[in-house]
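J.: Sharing a structure below in structure tokens format, with a few things to ask.
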Amino acid sequence: MKASTIQTFGISREFNGITVLNDINLALESGKIYGLIGRNGSGKTVLMKIICGFLMPSKGYVLIGKDIDFPENTGIIIEAPTFLAHLNAYQNLKNLADIRGIIGPDEIRQSISAVGLDPNSNKKVGKFSLGMRQKLGIAQAIMENPDILILDEPFNGLDKDSVKEMRSLLLSLRDAGKLILLASHNPLDISLLCDSAFEIDRGMLFPFEITKSQNVVE
């Protein structure tokens, strides 16, 4: 796996004259999990959308590696994942995988199994619980073995046991050399998982002190 980096330079974003992000500078590298924490509406999702190329900044720019462009080799969860209700988990991911055509059925099934779902189940996604849909969103993000993962509140809707399983999965992906940027409203997720963390408050970025070991999954 090649080393990956994300850098933001003076990122600012305004909506209707209101500043949501103000001069955000980040330098992220592979093999680490980085956390974003902040209250609802603080700008975490906006920053992630800008990094992913879904929104343009009002000022500043993003470098993914050496390129100012959409990060191709990236797995993304932004807001609630959406799938076709009349298809099962495998069929949904197969449709998405066919867009790039870089993985086959084995990789799709492995990603579904990795999040604790049954890749052979015919249950339609429309019958899935919120937690099952969230797991499928994580499977979608990891199925093409991306170098970078951008995960906005990936544990939403998960029960306690599932959260523990997903934390273990993210730690294993970090140890495999992935660059992971994780947003969570739960400080415990940040303290258990992240090597470094930042808080967004009033549009500005501040270091967030991690007080518990990120090597323990509770």
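J.: Search the range 191-212 for residues being among the hydroxyl-bearing types (S, T, Y) and under 17 Å from the mean Cα position of the chain (by Cα), and hand back the single one that is surrounded by the fewest Cβ atoms within 10 Å (Cβ to Cβ).
T.: Only one residue fits best here, namely S196.
J.: Please enumerate the residues belonging to the range 15-67 that are among the basic types (K, R) and touching a residue at least 24 places away in the same chain (Cβ under 8 Å).
T.: Scanning the range 15-67 gives K32, R39, K44, K49, K59.
J.: So is L188 out of contact with any Lys or Arg (no Cβ under 6 Å at 6 or more places or on another chain), farther than 21 Å from G53 by Cα and open to solvent by less than 40 Å² (accessible area, probe 1.4 Å) or not?
T.: Against the criterion (out of contact with any Lys or Arg (no Cβ under 6 Å at 6 or more places or on another chain), farther than 21 Å from G53 by Cα and open to solvent by less than 40 Å² (accessible area, probe 1.4 Å)), L188 does not qualify.
J.: Within the range 129-143, how many residues turn out to be surrounded by fewer than 20 Cβ atoms within 10 Å (Cβ to Cβ) and in a loop (DSSP other than H, G, I, E, B)?
T.: Going through the range 129-143 one residue at a time, the tally reaches 1.
J.: Output the residue which, of all residues in the range 13-38 that are under 23 Å from K66 (Cβ atoms) and among the hydroxyl-bearing types (S, T, Y), is least open to solvent (accessible area, probe 1.4 Å).
T.: Restricting to residues being under 23 Å from K66 (Cβ atoms) and among the hydroxyl-bearing types (S, T, Y), the top hit is Y34.
J.: G41 versus (1) outside any helix (DSSP H, G or I); (2) open to solvent by less than 40 Å² (accessible area, probe 1.4 Å); (3) under 20 Å from L205 (Cβ atoms): which is the lone unmet condition?
T.: (2)
The values are calculated or read from the model by the stated rules, or taken from the named source; none is laboratory data. Every value quoted in this text rests on a predicted model; they were computed, and no experiment measured them. In this analysis, Cβ positions are derived from the backbone assuming ideal geometry, glycine residues included, and neighbour counts consider all displayed protein chains. When the accessible area is computed, the model is the full protein with side chains, heavy atoms only, and any ligands, DNA or RNA have been set aside. Shrake-Rupley method; radii C 1.70, N 1.55, O 1.52, S 1.80 Å.
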